[in-house]
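Working notes for the structure below.
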Amino acid sequence: MAEVSTDTTVVVGGTPATPSPGHAGIESQVPGATTSVSSVAGATGGLAPGNLVETAIDEQLFKFESDDTPLMQLMLFAKRVNIDSPEVQHFAIDEPRATVTTTAACGDGTTDTVTLPLSQADKKLLNAYTTVLVKGVDGYLEDGTTVDTGKDLMLFVTKKSDSSDPVAIAVNGSKTNASDESTLVPTIPAGTELVILSNAMSETQEQVAPDLVVPQPQLVYCQKRGMNSIVSDYFDAQKKRIPFTKALIAEAQIRNFKVKGNRSLWASRARKFYIDTPLGPEVVYTTEGVRWSIKRHLDHVGKWTFEELIALAKMVFTGEDVPKNVVMLAGKNFIQNIQCIDYSKHPEVQITVKTNPVGWKVTAIHTVFGEFEIKHEPTLDKLGWENSAAVIAYDRLVHYVYSAEHKKNEKVEGREAKREATLVWDALALKGSAHIWIDGEGKCAATGTDTFIFWDSETAPTDPVAGKVYVLLSDCTEIDEAAVAGTMWVATVSEGTTTWSEYTGSVTAS
């Protein structure tokens, strides 16, 4: 079990703590040191007690700005949920599935009922009295003998079999005789997409089975974060004579506290472990960073084209989980690439600067699919992800709060000093599948995610990555006759043979 130092002794006298340079090389950082006259003197070039007089201190230097910690501001802006445990069962309920896919061929044109072969998860979505559109299979006119070319077959689910498979009849199938009441179900190939429509009830019917919503639970840990500020009584007295006040010091400490917390919100890994403390073994929780929580990843290294930006907008604003508004929190190199796209041939695209609901000045790019709000996230630069970005939906965030931010003031026992402690215990969790991580570093971690890549060629990939979704920017008949620009395809590689199938949903293991 790890041993963690709990020493809170305030060192009085002796050699002042040696300051370390900050990001810009200014030696203004004294990690772990109290705010006393001697330590501040060490951090400011040896100014002696009584000489801490600065006539032109920039008070904005230490001011906390929300622009420095965008993700934390989004968390504070998100829906707040008070909880009674640091371990939360977070249910990421997506919008209902619109389609299911057959796992085998069914129907032969000779029977009036068919048992739909679906995966264990898909079969739960089709209750009795549901109507289903069979894509790619033509129905028939009312005479039951003339194919209604281009108009899909529709099924009506009558019941569930003993193994919970949906049993259906054809609404517009074929007939042996034009006067027959029932119609026959034609052959439905394996891999056929079935679109779930509304239910259809009989004349006197009032009750149907409730819609099945199966939330996916995810264990979320709330992380307890704290900040201690210890100020000697002597310094507290000195500050009355000088403009370098305790308030400015507090702002600097809060800003540092928020910036570090913002890094954790992005990159921390969820763990639960025990440490030894003076009160015995205690649990430490670390939360899961948003970077690892996003389930859709887009591989994209280097410059962007206008066509790729539109394809990204289509991915975000169409599908089963469509957000109302999104913000793209981006590293500096990513923003440069987006800004340098040639928009001259597309005057219909509007680029404006506006203030968003959070209060940031953002660059808004309006496309026919929806609008991107682009915001620089300095934390991504610090984490080495300056070529990457995250598309985050405002209305798909939850802020779990186990203990609200609070302060505690006390005298340090045996010392002429005061301690002010700031504590917060919370976590940020994502809802739905609208969020997208755009990996520009070339190190996309695809485990447990749906991974996408743009493909702009009429030639199929020679060495496709199994499970990766190829978003086509050009027609590619080498993949399939139906592989036109705008569609998405997944490769399955088995014994050196590549089989392509159109992407219709998640490819990750459930």
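The values are calculated or read from the model by the stated rules, or taken from the named source; none is laboratory data. Because the structure is a prediction, the values reported are computed rather than measured. Don't worry about glycine lacking a Cβ; one is built from the backbone with ideal geometry, like all the others, and counts go over all protein chains shown. To get the accessible areas, we keep the full protein, side chains included, count just its heavy atoms, and leave off ligands, DNA and RNA. Shrake-Rupley method; radii C 1.70, N 1.55, O 1.52, S 1.80 Å.
Per-residue answers, yes or no, for (1) closer than 20 Å to residue 309 by Cα; (2) touching a residue at least 60 places away in the same chain (Cβ under 8 Å); (3) aliphatic (A, V, I, L, M):
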residue: 457; (1), (2), (3): yes, no, no
residue: 466; (1), (2), (3): no, no, yes
residue: 470; (1), (2), (3): yes, no, no
residue: 482; (1), (2), (3): no, no, yes
residue: 489; (1), (2), (3): yes, no, no
residue: 494; (1), (2), (3): no, no, no
Legend entry - Subset of the range 310-322 [surrounded by fewer than 18 Cβ atoms within 10 Å (Cβ to Cβ) and not acidic (Asp, Glu)]: 310, 314, 318, 319, 322
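Look at the range 179-201 and say how many of its residues are in a loop (DSSP other than H, G, I, E, B) and open to solvent by 70 Å² or more (accessible area, probe 1.4 Å).
4
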Legend entry - Residue within the range 431-451 that is under 28 Å from residue 310 (Cβ atoms), open to solvent by 60 Å² or more (accessible area, probe 1.4 Å) and modelled with pLDDT of 90 or more present: no
Legend entry - Unmet requirement for residue 391, which otherwise passes all of (1) open to solvent by less than 50 Å² (accessible area, probe 1.4 Å); (2) modelled with pLDDT under 85: (2)
Legend entry - So residue 412, is it at pLDDT below 85, crowded, with 16+ Cβ neighbours inside 10 Å and within 22 Å of residue 293 (Cβ to Cβ): no
Inset, instruction - Filter the strands (runs of 3 or more DSSP E) completely within the range 299-373 down to those with at least 1 residues that are free of Cβ contacts under 8 Å to residues at least 24 places away in the same chain. - result: 350-355, 361-366
Legend entry - Test: residue in the range 342-355 that is under 16 Å from residue 389 (Cβ atoms) and open to solvent by less than 80 Å² (accessible area, probe 1.4 Å): no
